[in-house]
Amino acid sequence: MPKNKKALKAQRKLKAKGSFYELGAKVLERLEQREGSIKSLTVGNSKMPDDYKRNIYALICQTLKLAPVLTRILDSSEEVKKLKFSRQMLLLLTHDLLFAKGGLWNKGADPNINRTIRPFRKEFLKELDNIRQEMGAKCDEDLVPEHLRNDKLTFRYVRVNTLVWTTDKVVEHFVKDSYELVAPSRDEMRSALEVNTRRFMRDLDMNDVLVFPPGTDLHAHRTYVVGAIILQDKGSCAPAHVVQPAPGSTVLDACAAPGNKTSHMASLMGNKGKIFAFDKNQSRLDTLVNLTDKAKCKIIEAKCADFLELDPLAPEYADVERVLLDPSCSGSGIVNRLDELVDWYIAMITNTAEEKPKVDTRRLQSLAEFQTLAIRHAMRFPGVKRISYSTCSVHEEENEAVVARVLEGQHEFALAPADQMIPSWPRRGLVTAGLTKEQAASMVRMLPEDGSNGFFVACFERQAPADLDRIRSELHEAKSASKGSAAPTKSAKDADAKKTKRKHTDGSKGDAKAHKQKRAKPAQEVVPTTKNKGKKRPKRKVSVADA
C-alpha cells in the first residue's frame, strides 16, 4: 500500500477509471463501432482524466496510421496471441513499445501490463526490420500509407491577430527566432517551404496571413502563447476579408463556433463596433468564448441560439450590415480530417480497404437544402448589405449549385464582383447550371493541391432595398408551419435536452438532419464566469484553432 497520500489517490483514480492503455483500447473499440470521433472520445471526453486526453489522442492517431504494420507484427508472434489482452490494447502497446520515443507510457499505466508486453520487444523489432526491408522504408514515415501522410500536403497557415501585434512585429519576431523570411512566387512555394525547414513567407493573397512549411508546430511558440497568431487554414481566413466588416459597424456571425472567423472580424474591425455570434450548441459556444477571450476580442456578444430561429426584424438587429455565414457542410475539403483516418482503419480490419468511399448524395442534398435556407434567412435582415457564404466542401452541390439556387427568383442581391473576392487568387468557381462565366469568376475555390484545405467562398451584395412586406409574409408562413407541429411532451423535452448536451469537440457542426431534429434553446447571452475562467486546461498540441 503506498505510504504517500498522492500515490494512494492516484492508485484509486487508476482503479476507478482504468489505466492509460485500457482507456486507449476502449477508445479504439468505440471508434470501430462508430460511437464517436477521435476527438470527442479523447480530448472531448469529460469522463477521461485530463492528464490522459492529449496523449491518448496522439497515440490513437499514430496507431491508426501504422495499423497494417502493427497488425503484421502481432500476427507473426504465436506467443503474443496467448496473452489475455484485447486486439486494440495490443496495437497500442506495440506502437509505444516500438515507435514512441520514451517507450511504453508509465504515468497512469498499469505496470503489470507493461511488464507483460516488454519482453516481446526484441522479437517485434526483428519483424519490423523485415517489413522495412520489404517496403524499402528509410524512416518510420515511409511505413505509413501514402494517402495518410497528410502533413506533407498542406502548408501551415498562420493568421496574425492584429488586436495583439501587427503583422510586421510578428514577422520581425520570427526572424529574430532564426526563421528565414522568403518571398517565392506561387509556383516556387513548394521548394521554398520544404518540410522541416525554418522558413516562412507572407501570404500572396491576404496581408494578415503567414505561410510556414507543412507540419510546422507552433503551439509552444511565444507568438501563439500570447495570442499574437491564430493557427487557421488559409481558406478559413477568406470569409472575413470577403464580407469586409468596417470598424464601428454591426455584424453577425450566424454559425460562429469555434470562433476563428469571429475573432478575425473583430481583428479587422479593430475591436470597434459589435459582433453578434450565434451557435445553437452551448458546448461549442463555450469554446468560442474561451478562444475569442484569448484573442483579446472585446466586441463580441455570444448567444446560444439557432440562427434560423432569429427574428430579422427585431429592433436589436436593425443595424446589422454584414452577415458571415459558414453553415454545416460535408467537410469534404478537409485534408487532415480524422474521421477519414478512422474510415480507412475500419475498412482495413473489415477487408474493404480497397473500396473507395462513396459520396452520400442524400446527405449532400439535405445539407444543400439547409444551406440554401440559411442564406435566404440572412437576406431577410433588412439592413444587411453584404453576406459571405462559405463551406469547407469541394462538392459542387454545396457550393455553386446552392449559390445558383439562391440567386434564382430574387432581385435584391447579386454576387459581389470578382475584384472584391481575393482577386489575386487564381482558382475560381465552377460554371454550372444557372451561373454565368462572370458569376463563377466572382467565387473563390481552394483545393488540397493548392496547399490548403478545400474551401469555397461566395458573397452576396445588396442591390435593392429590403421588401419588408415579403419578409413579414415569409416569417409568418414559417411561424405557422412551426405551430402546426405538436408541442413536445416533458419526456420528449428531456430526451432533447440530453441530445443537446452531446459535445462536438472534433470541430464538426453536424448536418441538416441534426438541425431539424433539435429545437433551439431561447437566445441567451453567454457571460464567462470567474469559475470558468479559473479552470485549468490541459496542454494541447492539436487545437480547434486549426480548423
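Label separation (D311 vs D51): 5.3 nm, computed from points 7 Å beyond Cα along the C-beta direction. The simple spin-label model puts a point 7 Å past each Cα toward its Cβ; for E172 and K82 those points are separated by 6.9 nm. Looking at the range 156-276, the DSSP beta bridges with both ends there are about 65 percent antiparallel.
Rounded to the nearest whole Hz, the Karplus-based 3J(HN,Hα) values (6.51 cos²θ - 1.76 cosθ + 1.60, θ = phi - 60°) of the range 434-445 follow the sequence x, 10, 8, 4, 5, 5, 4, 5, 8, 10, 10, 10, with x at glycine and proline.
In the complete set of protein chains, residue-level accessible area for E134 is approximately 130 Å², probe 1.4 angstrom. Taking a Cβ cut-off of under 13 Å around L163, the surrounding Lys, Arg, Asp and Glu residues balance to a net charge of +4, with basic ones at +1 and acidic ones at -1. Across the range 100-126, no residue has a backbone nitrogen under 12 Å from the label position 7 Å along the beta-carbon direction of E32.
Restricting the range 64-145 to trypsin sites (Lys or Arg not before Pro) that sit in a DSSP loop and have at most 10 other Cβ atoms within 10 Å of their own Cβ leaves K84, K101, K107, K138.
Working from label points 7 Å from Cα in the Cα-to-Cβ sense, the N351 to A464 distance is 6.3 nm.
Charge dipole (Cα centre; +1 on Lys/Arg Cβ, -1 on Asp/Glu Cβ; no other charges) of the range 186-335 amounts to roughly 580 debye. Other residues whose C-beta falls under 13 angstrom from the C-beta of I113 contribute a net charge of 0, scoring Lys and Arg +1 and Asp and Glu -1. Residues S390, S76, ordered by accessible area of protein heavy atoms at a 1.4 angstrom probe radius and largest first, appear as S76, S390.
Work out, step by step, the length gained on full extension between A137 and N207: first 0.36 nm times the residue separation, then minus their alpha carbon distance; give nm to one decimal. Difference between extended and current length: 21.1 nm. Ligands, DNA and RNA aside, E397 has an accessible area near 90 Å² when probed at 1.4 Å. Accessible area per residue for the range 125-265 is 42 Å², calculated with a 1.4 Å probe on protein heavy atoms, without ligands, DNA or RNA. Phi angles across the range 71-82 convert, under the Karplus curve 6.51 cos²θ - 1.76 cosθ + 1.60 with θ = phi - 60°, into 3J(HN,Hα) values of 5, 5, 5, 5, 5, 7, 10, 6, 5, 5, 5, 7 Hz, Gly and Pro given as x. Apolar share of the accessible surface for the range 83-164: 49 percent from carbon plus sulfur atoms, 1.4 Å probe. Residues whose amide H lies under 5 Å from that of F455, counting only those 5 or more places away or on a different chain, are M446, L447; hydrogens are built 1.01 Å from N in the peptide plane. Please list 3J(HN,Hα) in residue order for the range 363-375, calculated via the Karplus relation 6.51 cos²θ - 1.76 cosθ + 1.60 where θ = phi - 60°; whole Hz, with x for glycine and proline. For the range 363-375, the Karplus-derived couplings read 5, 4, 5, 5, 5, 4, 5, 5, 4, 4, 4, 5, 5 Hz, x marking Gly and Pro. For the range 363-466, the solvent-accessible area of protein heavy atoms averages 38 Å² per residue (probe radius 1.4 Å; ligands and nucleic acids excluded). The stretch between L475 and E146 holds 113.3 nm of extra length on full extension. This uses 0.36 nm per residue minus the Cα-Cα distance. Amide H contacts for V209 (H built 1.01 Å from N in the peptide plane; partners 5 or more residues away or on another chain; cut-off under 5 Å): V160, D203. Fully extending the segment from V195 to V226 would add 8.6 nm, taking 0.36 nm per residue of separation and subtracting the current Cα-Cα distance.
Amide H contacts for A277 (H built 1.01 Å from N in the peptide plane; partners 5 or more residues away or on another chain; cut-off under 5 Å): D253, E301, A302, K303. Each of V242, V225 has its accessible area taken with a 1.4 Å probe; listed largest first, they run V225, V242.
Exposure check, 1.4 Å probe, all protein chains in place: D217 carries approximately 80 Å² of accessible surface.
The values are calculated or read from the model by the stated rules, or taken from the named source; none is laboratory data. Just so it is clear, the structure is predicted and the values come from calculations on it, not from any experiment. Positions of Cβ are generated from backbone atoms using ideal geometry, with glycine treated the same way; all protein chains shown enter the neighbour counts. Surface areas here come from the heavy atoms of the whole protein model, side chains and all, with no ligands, DNA or RNA. Shrake-Rupley method; radii C 1.70, N 1.55, O 1.52, S 1.80 Å.
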